[in-house]
Structure formats: structure tokens, C-alpha cells
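What follows is a single structure, written as C-alpha cells, with notes after it.
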Amino acid sequence: MQSRRLAAKTVGDRVIIFKRFFAYLVMEGCLTQDPAQRLPMPKVGKRLPKALTLEEMESFFAALSGDSAVRKRDRILFQVMYGGGLRVSEAVGLRVEDIDPGDGSLRILGKGDKERRIYLKPPFVQSLQE
């Protein structure tokens with residue numbers, strides 16, 4: 001597979017398939033030894049996620065424009081996620097009580113119940129309160 005210049009991720013996926021298949025055959029008693037144990041796993045580098053461009057984000061937020069309550073809610077939610085670097089799970093877990101209009105912050109409960117605060121511009125805090 002490597003001589004055919006398949007990507008390391010593709011080779012790794014196929015090696016895992018072979019390993020699982022042969023482990024199943026050993027478990028079922030069809031084989032006494034697992035020949036796939038000797039297969040090396042290729043090194044697969046981690047890819048960084050691709051961020052949206054400014055134009056793509058402007059287009060996205062333009063699609064959320066409108067006066068309906070649902071569109072306003074969605075626009076604010078995505079603006080908080082985008083501006084504050086929130087994960088989807090963090091954004092979904094937001095509550096009204098997490099807004100502190102006094103100092104313009106938003107309490108975020110992240111992975112492992114770690115708490116952090118993001119600070120928002122006053123007009124955005126007003127939009128959140130509305």
C-alpha cells in the first residue's frame with residue numbers, strides 16, 4: 001500500500017481492519033495465531049483544523065440575518081462561539097445566569113468542568129441580555 005503511495009491515514013485504517021479481522025478469526029478458533037500482529041502501524045501526523053476566512057464568516061452571519069427570535073438567537077449563539085472560541089458543547093451549555101452584565105463577561109464551563117470567563121463588548125452584552 002505504501003509503494004502505491006497511499007496516504008499514511010489510509011494505510012493505517014486498513015491495517016486496523018486487518019488486525020481486527022484476524023483477531024476475530026483467532027477468537028472464533030479459525031486461526032491459532034494472529035498474523036496481523038506483525039503489521040506495523042504507519043506514523044500519521046495530526047492535521048490542524050482549517051479556519052473559515054473572514055469573507056466566509058461574513059457570508060455565514062449574513063445568512064442568519066433577520067428579525068425573527070430564532071434567527072436572532074442563532075446569530076448571537078454563533079457570534080459568541082466565533083468571538084469567544086467556544087466549543088459547540090460549551091455553547092449549548094450556556095445559561096442566562098452565565099452572563100455577568102456588571103463586568104461584561106460570560107462564564108463558560110468547558111471540558112472537565114473547567115470554568116473560564118470571556119469578556120464581551122458592551123453592545124454584545126446588551127444583545128445577549130435582550
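Things worth noting here:
- Matching residues in the range 34-73 - criterion: being exposed (fewer than 10 other Cβ atoms within 10 Å of the Cβ) and of a type in the set (Lys, Arg): 38, 43, 46, 47, 50
- Per the listing 29, 12, the residue uniquely at positive phi and either modelled with pLDDT of 90 or more or surrounded by 11 or more Cβ atoms within 10 Å (Cβ to Cβ) (or both) is 29.
- Conditions (1) in the same structural domain as residue 5 (by TED's automatic domain parsing); (2) of a type outside the set (Asp, Glu); (3) loosely packed, with under 10 Cβ neighbours inside 10 Å: number failed by residue 114: (1)
The values are calculated or read from the model by the stated rules, or taken from the named source; none is laboratory data. Small disclaimer: the values here were computed from a predicted structure and weren't measured. Cβ: placed from backbone, ideal geometry, glycine included. Neighbour counts: every protein chain shown.
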